[in-house]
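Have a look at the structure below before the remarks.
Where a number appears in this text, it was derived from the coordinates with a stated rule and is not lab data. As the structure is a prediction and not an experimental result, all values here were calculated from the model. Because the Cβ atoms are built from the backbone with ideal geometry, glycine has one as well, and the counts that use them run over all protein chains shown.
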Amino acid sequence: INGIVAIVGRPNVGKSTIFNRMIGERKSIVEDTPGVTRDRIYGKAEWLTKEFRIIDTGGIQLADQPFQEEIKMQVEIAIDEADAIVFVVSGKEGLTPDDEYIARLLQRSGKPVILAVNKVDNQQLNDSIYEFYALGLGDPIAVSGVHGIGIGDVLDAIIQSF
Ligand code: GDP
Ligand code: MG
């Protein structure tokens, strides 16, 4: 194992969809209900010569906690356990205050953060990535978990961060 990667982001941005793509199997349950990932949170991925473990932090849930507490715990687990963090946002919904909250927690961690703008399902939507430069986490990567676009770019960025 070359490293551990955690996927973080607010509910419904597509974390589990991307996680499934990276592990190459449908082992995490994806639902339209925000934040539902019950089946599995750990997976293994290989890319080029590297092998790493992936944690879908969206599947780690606290009962009856306010959103910010829940997400803070998920991000803390990601920061403690991971060598690199994939922060997923949605180009379809655009930048939200919750994204900004998570970005601040990640910035304090000092861990490498890969910013994946999901739901960029076609070329015409590509301009939706630019507003995410405002998060101060570097170059956003356009991704479509559903269509399998940009996953290779995210995997490249992950192994470069190890
Ligand atoms: P999570 O809560 O962050 O784990 O998000 P999920 O992976 O469960 O996805 C939430 C919803 O977004 C589901 O309805 C997915 O089908 C949808 N979704 C995920 N990735 C994409 C994508 O690349 N494009 C579009 N249009 N929808 C997506
Ligand atoms: Mg999920």
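Tabulated results
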| quantity | calculated |
| --- | --- |
| Cβ-placed point charges (K, R +1; D, E -1), dipole of the chain about Cα centre in debye, nearest 20 | 300 debye |
| Label-point separation, N2 to K92 (7 Å along Cα→Cβ), nm | 3.2 nm |
| The chain, relative contact order [Cα under 8 Å, separation at least 6], % | 25 percent |
| Listed residue (N2, S90, A63) projecting farthest to the positive dipole end of the chain, Cβ model | N2 |
| Net lengthening on full extension, W47/V146 (0.36 nm per residue, minus Cα-Cα) | 33.7 nm |
| Kirkwood-based shape ratio for segment 3-161, expressed as Rg/Rh from alpha carbons | 0.92 |
| Cα-projected label distance for D121 with Q65, points at 7 Å along beta-carbon direction, nm | 3.3 nm |
